[in-house]
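One structure below.
Just so you know, all these numbers are worked out from the coordinates, no wet-lab data involved. The model shown is predicted, which means the values in this text are computed figures rather than measured ones. Neighbour counts run over all protein chains shown; Cβ positions are idealised from the backbone, glycine included.
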Amino acid sequence: MSVPQRPPDVKLFASIFSADAGLIEVAIRAMSEKYGMADYISAPLAFSYTGYYKREFGEGLLRRFLSFERLIGAEELPDVKLWTNALEADLATPGIRRVNIDPGYLSAAHLILATGKGYAHRPYLRDGIYADLTLIYQKGGFTILPWTYPDYAAAETIGMLSRIREKHLVQLREGAGKR
C-alpha cells in the first residue's frame with residue numbers, strides 16, 4: 001500500500017508575451033506583488049515560433065520568462081492560472097486581450113503548464129484548469145515530448161529551464177520549501 005505524502009514544493013514559473021513591452025512589465029510587477037519577488041526574469045525575446053496568436057495580438061510579439069523565489073504547493077496551480085486569467089482580463093481593452101500569461105511550475109521531475117484546454121496529455125485539475133505535461137526531466141536533462149511546444153523544445157529555453165530547476169533543487173536542499 002502506498003502512503004500518501006505531501007510532495008516537495010515547486011517553483012512557480014510564467015511566460016508572458018505581448019506586442020507591448022510595457023504591458024509585460026505591468027504583468028511582471030503584478031505577479032511579483034501577488035507571488036513574491038521574481039528570482040529570474042529573462043531579457044525580452046522575440047516570440048516567433050508560431051503564427052497562432054498573430055490574429056489576436058498582431059505582429060512583433062515579445063516574451064519574457066520568469067520564476068519566483070517563493071516556492072508553492074503544486075496544488076496551487078489552478079488558483080495561479082485563474083488569477084493570471086483575471087489579470088489578462090484587467091489588462092485587456094474591450095474585447096481585445098493584450099497580454100498572454102502562461103503560468104506553470106518546475107519540479108525536479110517535470111515542467112507543468114496550466115491551461116484551460118483539455119487533451120490526452122492534460123489531466124484535469126479543478127475549476128476548469130488542466131495540467132499540461134510539457135517536459136520531463138530524465139537521464140540528466142529535460143526530455144521533449146511529442147506535444148511539447150516548439151518554443152519550449154528550443155535549446156535556449158531548455159538551458160534556461162535547467163538553470164531554474166537547479167535553483168529550485170538548491171532551495172529544496174536549503175529548506176526553502178518548508179511550510
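Looking across the range 137-179 at every residue that is assigned to a strand (DSSP E or B) and of a type in the set (Val, Ile, Thr), the one that is surrounded by the most Cβ atoms within 10 Å (Cβ to Cβ) is identified as Ile144. Using the structure shown, decide if Thr134 is among the hydroxyl-bearing types (Ser, Thr, Tyr), buried (at least 18 other Cβ atoms within 10 Å of the Cβ) and either within 23 Å of Arg6 (Cα to Cα) or without any contact (Cβ under 8 Å) to a residue 60 or more places away in the chain (or both). When the stated conditions are applied, Thr134 passes them.
Of everything in the range 70-110, what is among the polar types (S, T, N, Q) and either touching a residue at least 40 places away in the same chain (Cβ under 8 Å) or closer than 26 Å to Gly140 by Cα (or both)? Give them in sequence order. Selection gives Thr84, Asn100, Ser107.
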